[in-house]
Amino acid sequence: MLVGTGPLTRTMAANAPQSIAAFSEGACVQIRALSGDRQLCLRLESMGLAVGKEVQVLKNSGRGLLLKTEFTRLAIRLSPAFMLQAVYAGHA
Amino acid sequence: MTEIITRAFKIAFAGNPNVGKSALINALAQTRLKVGNWPGVTVEKKEARMVYQEQLLHLVDLPGTYSLSPFTIEEQICRDFLLVEKPDLIVNVIDTSNLQKSLYLTLQLIEMGIPMLIALNMWDEFEARGYQLDIPAFSAALGVPVVATVGPTGLGCEDLKEQMLAAARQAQVPQRVPYPATVEKELEHLVKTIQRERYAEGVPLHWLALKLLEADNYSLQKIQALHGVDASQVAASHRQSLQSFYPDLDQSLSQHRQHFIAELVARVLQPPAEAPPDMTDRVDRLLLNEWTGIPAFLLILFGVFKLTFDISTPFIDWIDGFFNGFVARWVGLGLESLGAPVLLISLLQEGVLGGAGLVLTFVPLLMCLYLLLALLEESGYMARAAFLMDRFMYRFGLHGKAFVPLLVGFGCNVPAVYASRVLDNETDRKMTVAVMSFMSCGAKLPIYALFTAVFFRQYQAFVILGLYLLGIAVAIAWAVILRKTRFKADIPAFIMELPPYRIPTLRMLWGSIWLKTRSFIKQAGTVIAISMILLWSLVNLPYGVPPERTVLGYSARVMAPVFLPQGFGQHWEAVAAVLPGFMAKEMVVGTLGVVLSVQSEAETPAEPGFAPELMAQLVAFKDAFVAAGAAALGNLMPTPLMLEDDIESSLSAAVRQTFTPLSALAFMVFNLLLLSCISVVGAVVHEFGRQYMGFVLLITTGTAYVVSMLVYQLGRILGWS
């Protein structure tokens, strides 16, 4: 189920970190954890996607995500070896 | 005028990708960058030299990097250069609009203990967005001189030159950002250990200590290689004592840097009262849309494909005619008048000039392709295309960007090899080039045209389409096999920054086109030209004997049994056409004509004369421009690269006697899957070296042999002839 699609689900999901792939396009989320391959995590942090950062989900096609943080747009393909946990922070 | 140089400084330009480093160096040095490769890899090394106030400044453009914990080969190069070459100064080029992200690398560069300067590049875009930056406060907080610049216009470059020279002369090392006291204490202990054991080997002590604390794989491996010591044990106790404070030490150190950056940016950056609309977001809504994204992508790629071949075809024809018609003819006449032997004249005309002509015929094709690819890359679209295609390509173990070289491969495999440079990762490039070889290039079309016209006239289009689809299917199969075998350990992660859309400058585009084309002429061109001389020897020696007694004819008779399972080994003439096909597929039909003794009439000018013919060549050159313009604007379908206009009926008859429909199909499949030409060999050697070329040659030749054999044998089982 996609969160961020209704007020109730938004409230319920507000404090529960989940995979960023669960958020719908347009949702603003806050990164809570980067897990998996250490090199990939470091790479993402250096590209501006660090824990605590607010990110907008521009595109979500399941595995492929387009995220925007400040003026940086990042295209990411998630895998079991690499996950991004986030919480809902609003809608653009 | 001779300039007096009193001192030389090596200055490294480092920064994230797409921040305009190259454009800034071009603006500073007022010259095009000199391009080579970094030792041992195919990553471009760009550098320039300039004299300023009697000082020689050697500017080195380091590959774009996000951090100094290497993730890609480019990042490794950047880090190694800073550690080993020890430049006198680092110019950290920053995209000012993306200050917070850029500063992560800045902090790491400061930790290297090398004098530094920050160029706040793309300052015009930053101001246009309504942002303000307190530059003195920013500079003071980092302890580094700061200059605002705009690479393409040269704004701030004079100030930057002055500041660069001053900073390099003063050699003042910036103060690094301190970590929490507990971390600093452990770092101090670690520094002492490194000093005592002499692990540093010229590397900044504090930096190495920090890397060991972060358990940085790269540093651990270096120490292991140099000293045979497991350095992770050296840092283990220090990491352990910090575990109680920071359970995830790496992330805590990273977060510490991020907090410092966030606080600094909040202090010095003044955002506009109202955020201006972002043009990139608006364009992306169309180009990355679920419904319009893929059609727009296909339309753009169709445009690239069409323009590349349509614009270049008239120039290719002109160069071909100029070398093989005009130059070869007049060189021949000149040598004849000097009494040179016929053999020498033939060698020079067909071997040397033919080879040089062949190399140069690729130049318009490559220049068009490079221009269009540079437009896509510099405008920011290439990254989006990769994102769009990644979902599809990933299933076969390929990167999204691999789509570009694969598509170009349908036109010509040579530019496709170079188009693979759009891929960042060398492993992805190698894999893409290996499977790209199965894309049927334009030079193979005359073979299909001849054989389908003779044997499959009613189903000509379907057979040709089927051949193209077979090539794609084999490429996909090999992609899956290679990803599960040779490139198993390197399943690529897809993390890519999509830069904002920008209009590239003509200077930037020209610089990119010229540097790559020059490199092709120098390196791949040599291989191609030598191979053409070799081919001439095969076809013509011993000189003056019938085709079956030449080296080619003899070799074909010896090789013929090898092709019996494919059905065309019964006739040495068919095999004789295959052998030059290894050199160039354009030669297959022509060689068939020669060995099957089909006569064609050579054209001779009605009024021979140097001046009229030269004038005709100049007019033809002008016509090529007109034709290129008309072709680019007029047709909707790409012009195929067919060197022969029509197929002679006598050749058709001879082919019908030599092949059966089934052996003709096997012959076409064999040529479809075989490496296109010696030019591709030259390009792959140039890009990946001889060893990898050997591998590509092996899989393409092996696949061509096996699949064409299966086609023939299955056809026989099904009762076809």
With the structure loaded, tell me whether A:Lys68 is open to solvent by 10 Å² or more (accessible area, probe 1.4 Å), within 11 Å of chain B (Cβ to nearest Cβ) and over 10 Å from the mean Cα position of the chain (by Cα) or whether it fails that test. no
Within the range A:40-65, the residues that are closer than 23 Å to B:Leu388 by Cβ and either open to solvent by 20 Å² or more (accessible area, probe 1.4 Å) or touching a residue at least 60 places away in the same chain (Cβ under 8 Å) (or both) are A:Arg43, A:Gln56, A:Leu58, A:Lys59, A:Asn60, A:Ser61, A:Gly62, A:Arg63
Among residues belonging to the range A:71-92 that are more than 7 Å from every other protein chain (Cβ to nearest Cβ) and part of a loop (DSSP other than H, G, I, E, B), point out the one that is modelled with the highest pLDDT. A:Leu78
How do the helices (runs of 4 or more DSSP H) wholly within the range B:355-427 filter down when requiring 3 or more residues that are under 11 Å from the mean Cα position of the chain (by Cα): which remain? B:413-419
Conditions: (1) touching a helix residue (DSSP H, G or I) at 6+ places or on another chain (Cβ under 8 Å); (2) open to solvent by 20 Å² or more (accessible area, probe 1.4 Å); (3) touching a residue at least 60 places away in the same chain (Cβ under 8 Å). B:Thr292 meets all but one. Number of the miss? (3)
From the set of residues in the range A:36-53 that are in a loop (DSSP other than H, G, I, E, B) and aliphatic (A, V, I, L, M), which is farthest from the other protein chains (Cβ to nearest Cβ)? A:Leu49
Hey, could you check the range B:694-721 for residues that are β-branched (Val, Ile, Thr) and closer than 25 Å to B:Ala434 by Cα and say which is surrounded by the fewest Cβ atoms within 10 Å (Cβ to Cβ)? B:Val706
Inside the range A:12-27, can you point out the residues that are within 28 Å of B:His256 (Cβ to Cβ), open to solvent by less than 50 Å² (accessible area, probe 1.4 Å) and at pLDDT below 85? A:Ala14, A:Ala16
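When the range B:83-109 is examined, which residues are found to be aliphatic (A, V, I, L, M) and buried (at least 22 other Cβ atoms within 10 Å of the Cβ)?
We begin by selecting, within the range B:83-109, every residue aliphatic (A, V, I, L, M); these are B:83-84, B:89-91, B:93-94, B:99, B:103, B:105, B:107, B:109.
B:Leu89, B:Ile90, B:Val91, B:Val93, B:Ile94, B:Leu99, B:Leu103, B:Leu105, B:Leu109, listed by residue number.
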Expected single match for out of contact with any Asp or Glu (no Cβ under 7 Å at 6 or more places or on another chain), surrounded by fewer than 24 Cβ atoms within 10 Å (Cβ to Cβ) and not small (Gly, Ala, Ser) among B:Phe396, B:Phe438 is B:Phe396
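What do you reckon, is B:Glu186 part of a loop (DSSP other than H, G, I, E, B) and of a type in the set (D, E, K, R)?
Values: part of a loop (DSSP other than H, G, I, E, B): no; of a type in the set (D, E, K, R): yes.
It is false that B:Glu186 is part of a loop (DSSP other than H, G, I, E, B) and of a type in the set (D, E, K, R).
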Does B:Ile261 qualify as being buried (at least 19 other Cβ atoms within 10 Å of the Cβ) and either in contact with a Phe, Trp or Tyr (Cβ under 7 Å, 6 or more places away or on another chain) or without any contact (Cβ under 8 Å) to a residue 12 or more places away in the chain (or both)? yes
Would you call A:Gln56 in a strand (DSSP E or B) and either more than 10 Å from chain B (Cβ to nearest Cβ) or on the phi > 0 side of the Ramachandran plot (or both)? no
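State all residues of the range B:252-281 that are acidic (Asp, Glu) and assigned to a helix (DSSP H, G or I); if no residue qualifies, say none.
Within the range B:252-281, the first condition is being acidic (Asp, Glu), and the residues that meet it are B:263, B:274, B:278, B:281.
Once the filter is applied, which keeps residues that are acidic (Asp, Glu) and assigned to a helix (DSSP H, G or I), the range B:252-281 yields B:Glu263, B:Asp281.
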Does the range B:542-555 include one or more residues that are closer than 18 Å to B:Phe670 by Cα, open to solvent by less than 70 Å² (accessible area, probe 1.4 Å) and touching a residue at least 12 places away in the same chain (Cβ under 8 Å)? no
Looking at the range B:474-491, is at least one residue touching a residue at least 60 places away in the same chain (Cβ under 8 Å), of a type in the set (Gly, Ala, Ser) and surrounded by 17 or more Cβ atoms within 10 Å (Cβ to Cβ)? yes
Could you check the range B:210-236 and list, in sequence order, the residues that are in contact with a helix residue (DSSP H, G or I) (Cβ under 8 Å, 6 or more places away or on another chain), in contact (Cβ under 8 Å) with a residue 40 or more places away in the chain and not in a helix (DSSP H, G or I)? B:Glu214
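From the list B:Pro152, B:Pro174, pick out the single residue that is touching a residue at least 60 places away in the same chain (Cβ under 8 Å), closer than 18 Å to B:Leu82 by Cβ and in contact with a Gly (Cβ under 8 Å, 6 or more places away or on another chain).
Numbers: B:Pro152 fails: closer than 18 Å to B:Leu82 by Cβ.
Exactly one of B:Pro152, B:Pro174 is touching a residue at least 60 places away in the same chain (Cβ under 8 Å), closer than 18 Å to B:Leu82 by Cβ and in contact with a Gly (Cβ under 8 Å, 6 or more places away or on another chain), namely B:Pro174.
Within the range B:441-459, is there a residue that is in a loop (DSSP other than H, G, I, E, B), within 21 Å of the chain's Cα centre (by Cα), away from chain A (no Cβ under 14 Å) and surrounded by fewer than 21 Cβ atoms within 10 Å (Cβ to Cβ)?
Step one: filter the range B:441-459 for residues in a loop (DSSP other than H, G, I, E, B), giving B:441, B:456.
Imposing the further condition that a residue be within 21 Å of the chain's Cα centre (by Cα) reduces the set to B:441.
With the extra rule that they be away from chain A (no Cβ under 14 Å), the set shrinks to B:441.
After this cut, where a residue has to be surrounded by fewer than 21 Cβ atoms within 10 Å (Cβ to Cβ) as well, the list is none.
The answer is no; no qualifying residue exists.
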Tell me which residues, restricted to the range B:238-255, are over 37 Å from the mean Cα position of the chain (by Cα) and either open to solvent by 20 Å² or more (accessible area, probe 1.4 Å) or over 19 Å from B:Gln108 (Cβ atoms) (or both). B:His238, B:Arg239, B:Gln240, B:Ser241, B:Leu242, B:Gln243, B:Ser244, B:Phe245, B:Tyr246, B:Pro247, B:Asp248, B:Ser252
Exactly one of (1) outside any loop (DSSP other than H, G, I, E, B); (2) modelled with pLDDT under 90; (3) open to solvent by 10 Å² or more (accessible area, probe 1.4 Å) is unmet by A:Gln30. Its number? (2)
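Among the residues of the range B:180-197, is there at least one that is under 35 Å from the mean Cα position of the chain (by Cα) and not polar (S, T, N, Q)?
Our first condition is that a residue be under 35 Å from the mean Cα position of the chain (by Cα); within the range B:180-197, this holds for none.
Checking the range B:180-197: not a single residue is under 35 Å from the mean Cα position of the chain (by Cα) and not polar (S, T, N, Q).
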Which numbered condition B:Ala385 misses (of (1) within 14 Å of chain A (Cβ to nearest Cβ); (2) among the hydrophobic types (A, V, I, L, M, F, W, C); (3) open to solvent by 20 Å² or more (accessible area, probe 1.4 Å)): (3)
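The values are calculated or read from the model by the stated rules, or taken from the named source; none is laboratory data. A quick note: this is a predicted structure, and the numbers were derived from the prediction, not measured. Here the Cβ is made from the backbone with ideal geometry for all residues, glycine too, and neighbour counts use every protein chain on show. When the accessible area is computed, the model is the full protein with side chains, heavy atoms only, and any ligands, DNA or RNA have been set aside. Shrake-Rupley method; radii C 1.70, N 1.55, O 1.52, S 1.80 Å.
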